[in-house]
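Asker: Attaching a single structure in structure tokens format; questions to follow.
What follows is calculated from the coordinates using simple rules that are stated; it is not laboratory data. Keep in mind it's a predicted model, so treat the numbers as computed, not measured. Here Cβ is always computed from backbone atoms with ideal geometry, including for glycine, and neighbour counts include all displayed protein chains.
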Amino acid sequence: MLSSTSDIERLFRRSLLKLLTGEREIRPTRAVPSRDELREEFKQIEALGLYVHIPFCERICPYCPYNKELYRSDPAEGYVRAIKREIDIYAGIVGDKPVTSLYIGGGTPTTMLHSGLAEIIGHLRQAFDLQCDIHMESHPNHLSAENLDAIEALGVRHLSIGVESLIDRHLRTLCRPYAASQVKEAVGRALSRGFTCVNVDVMFALPGQTEQEVADTGRALVKLGVDQVAAYPLFLFPYTPMGRASGQRGHVIAQSLKRRRMLRILERIFSEAGYERTSVWAFTKRGVPRYCSVTVPLYLGLGASGGSYLRDVFYLNTFGVAEYIEALDGGRMAIALAVDLTEKMQRAGWLYWRVYETRFRKADYRERFGEDIDAAYGPYLRPARRLGLLRDDGERITLSDSGAFWLHAAEDLLSIQFVSTLWGASRRDLWPERAILS
Ligand SMILES: C[S@@+](CC[C@H](N)C(=O)[O-])C[C@H]1O[C@@H](n2cnc3c(N)ncnc32)[C@H](O)[C@@H]1O
Ligand code: SF4
């Protein structure tokens, strides 16, 4: 018998997994791909994206699910050496395929602004055919005028700032080390530079947050003139201090309605101010190229916990910074877990990201999978259209605001659980035998 919301959620999640991928569970294991196998993979790939993970922060936030540790200069030095070795290994595997997106995330990349970031980016430029701008995450406390000079000198054109809230009591709940007035000044300094896009991350559905506060935050961001806002509901991951304290699992259906109401408030404010929706959670000023993590369907992840998604394989590096450095110092790759992707899993993965971006061209699906999306997903697309969740003009499918939210909420049931399981297992055991995602 189903006794609680989480039982219903589990049942729904398993049905969704089976429906989308044909699998009852997905099992990444230690059977990691060899360099020769990866070389074969790249023969089928025309262009790729790069993700570089910087796993250091000056303070650890209690809600944060990402792989990070406190910044210390010794490991940071070893990390630069190791990542350069990893770049060299991949340069030999990828050959001259163009890199069409480069994203530096973390942790906090700006902890290494004066201790290796320039060396890493310089090495990437030498090793790969970079045909793209650099997108990078930053911490508001690192955005002094001198540091902004250094960030611009790296060639970063799209800058994201982890603002999180513009209200002091919420900043305190999140243990963020600045006041609202200071973070507004930092955003103002970044906006006064010539970046193509300045994105601000904020979180909503925070403990005790009112709808009025969400509206005030949205209006204040418009007033500041930010190019893009990524507004995420606070997700409670069970392995974080805030997740443990709340006693909840990663995602609860009941919270979805509150999130929906708050997101609606933001949708209205940003739409009236001339921003358009560019992903489930992001609003970008019309005409500004958006800031985003990965803009191509296939990418390589470098660094500790870097994940790579190639045509028919997904794999993940070890989460341990010391283990990552040791592997590369020893001439080995740092891949810890891998899973082969069946055709149905590849289609589900492709659709996941398109739903996230809220629009796609049907021709892109045909090009990637050699068949019509209506033939594969017609029985789901037609009712979704009738319910007003999406529009289909024959060439392009566009999700409505409520479609973006609800389809993604359904996907989140899978992805938040998977991320929690995969990252949780990878943190407990730095070279895990397997993880079971179900
Ligand atoms: C890597 S951090 C941003 C850069 C920098 N480390 C910082 O915190 O300022 C990425 C973003 O993920 C979001 N985030 C982190 N933990 C989250 C959580 N539990 N729920 C929702 N969003 C979260 C925050 O908006 C955060 O800015
Ligand atoms: S939210 Fe940002 S600063 Fe805080 S621990 Fe996570 S990555 Fe580090």
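Asker: Rounded if a/c is under 1.5, else prolate if a/b is larger than b/c, else oblate: which is the range 35-285, with a ≥ b ≥ c the root eigenvalues of its Cα gyration tensor?
Answerer: Prolate, since a/c reaches 1.5 and a/b exceeds b/c.
Asker: Can you run phi through the Karplus equation (6.51, -1.76, 1.60; θ = phi - 60°) for the range 158-174 and list ³J(HN,Hα) in whole Hz, with x for Gly and Pro?
Answerer: Going residue by residue, I get 10, 10, 10, 10, x, 7, 6, 7, 10, 10, 4, 5, 6, 4, 5, 4, 7 Hz, with x marking Gly and Pro.
Asker: Residue 305's amide H: which non-local residues (gap 5+, or another chain) put their own amide H closer than 5 Å, with H modeled 1.01 Å from N in plane and none for Pro or chain starts?
Answerer: Amide H neighbours of residue 305: 317, 318, 319.
Asker: Once you order the gyration tensor axes a ≥ b ≥ c over the Cα atoms, which shape class does the chain get: rounded for a/c under 1.5, otherwise prolate or oblate by comparing a/b with b/c?
Answerer: It is rounded, given that a/c, with a ≥ b ≥ c, falls under 1.5.
Asker: Also: Please compute the modelled spin-label separation between residue 18 and residue 434, points set 7 Å along Cα→Cβ, answer in nm with one decimal.
Answerer: For the pair residue 434/residue 18, the computed spacing is 2.0 nm.
Asker: What does the charge count near residue 29 come to, summing +1 for each Lys or Arg and -1 for each Asp or Glu among other residues with Cβ under 15 Å from its Cβ?
Answerer: Numbers: positive: 27, 30, 434; negative: 23, 25, 37, 340, 429, 433.
Combined, the nearby Lys, Arg, Asp and Glu give -3.
Asker: Further question: Could you check which residue among 36, 216, 329 shows the biggest mean-square fluctuation in a GNM of the chain with a 10 Å Cα cutoff?
Answerer: In the Gaussian network model the winner is 36.
Asker: In a shell of Cβ-Cβ distance under 14 Å around residue 219, excluding residue 219 itself, what net charge do Lys and Arg (+1) and Asp and Glu (-1) give?
Answerer: Numbers: positive: 184, 223, 268; negative: 211, 213, 216, 267, 272.
Local net charge: -2.
Asker: Starting from 0.36 nm per residue, how many nanometres of slack lie between residue 77 and residue 372 once their C-alpha separation is accounted for?
Answerer: That pair, residue 77 and residue 372, stretches by 101.2 nm at full extension.
Asker: Classify the range 314-438 as rounded, prolate or oblate, taking a ≥ b ≥ c as the square roots of the eigenvalues of its Cα gyration tensor: rounded when a/c is under 1.5, otherwise prolate if a/b is larger than b/c and oblate if not.
Answerer: Note, shape of the range 314-438 comes out prolate.
Asker: Assigning unit charges at the beta carbon (Lys, Arg +1; Asp, Glu -1) and nothing else, what dipole magnitude in debye, to the nearest 20, does the range 35-285 show about its Cα centre?
Answerer: My answer is approximately 960 debye.
Asker: What does the extension gain come out to for residue 223 and residue 272, with contour length at 0.36 nm per residue minus their alpha carbon separation?
Answerer: Extra length available between residue 223 and residue 272 comes to 16.4 nm.
Asker: Report the net charge of residues surrounding residue 168, where surrounding means a beta-carbon distance below 13 angstrom and charges are Lys +1, Arg +1, Asp -1, Glu -1.
Answerer: On the way: positive: 169, 172, 176, 184; negative: 164, 213, 216.
Its environment carries a net charge of +1.
Asker: What residues have an amide H closer than 5 Å to that of residue 313, excluding those fewer than 5 places away on the same chain, when H is modeled at 1.01 Å from N in the peptide plane?
Answerer: 341
Asker: Which ³J(HN,Hα) values in Hz, rounded to whole numbers, follow from the phi angles of the range 128-143 under the Karplus curve 6.51 cos²θ - 1.76 cosθ + 1.60, where θ = phi - 60° and Gly and Pro get x?
Answerer: Values per residue, Gly and Pro as x: 10, 8, 6, 10, 7, 7, 9, 10, 9, 8, 9, 9, x, 6, 9, 10 Hz.
Asker: Let me know the charge dipole size of the chain about its Cα centre in debye, to the nearest 20, where only the beta-carbon of Lys, Arg (+1) and Asp, Glu (-1) is charged. Walk me through the numbers before you get to the answer.
Answerer: Numbers: 57 positive and 54 negative charges, 271 e Å.
Here the size comes out at about 1300 debye.
Asker: Please turn the phi angles of the range 354-365 into ³J(HN,Hα) values with the Karplus equation 6.51 cos²θ - 1.76 cosθ + 1.60 (θ = phi - 60°), one per residue in order, whole Hz, x for glycine and proline.
Answerer: For the range 354-365, the Karplus-derived couplings read 5, 4, 4, 7, 6, 7, 7, 8, 4, 4, 5, 5 Hz, x marking Gly and Pro.
Asker: Under a Cβ-Cβ limit of 4.7 Å, which cysteines in the chain have nobody to pair with?
Answerer: 57, 132, 175, 197, 292
Asker: Hey, can you grab everything whose amide H is under 5 Å from the amide H of residue 396? Only 5+ residues off in sequence or another chain; H modelled, so Pro and N-termini drop out.
Answerer: 362
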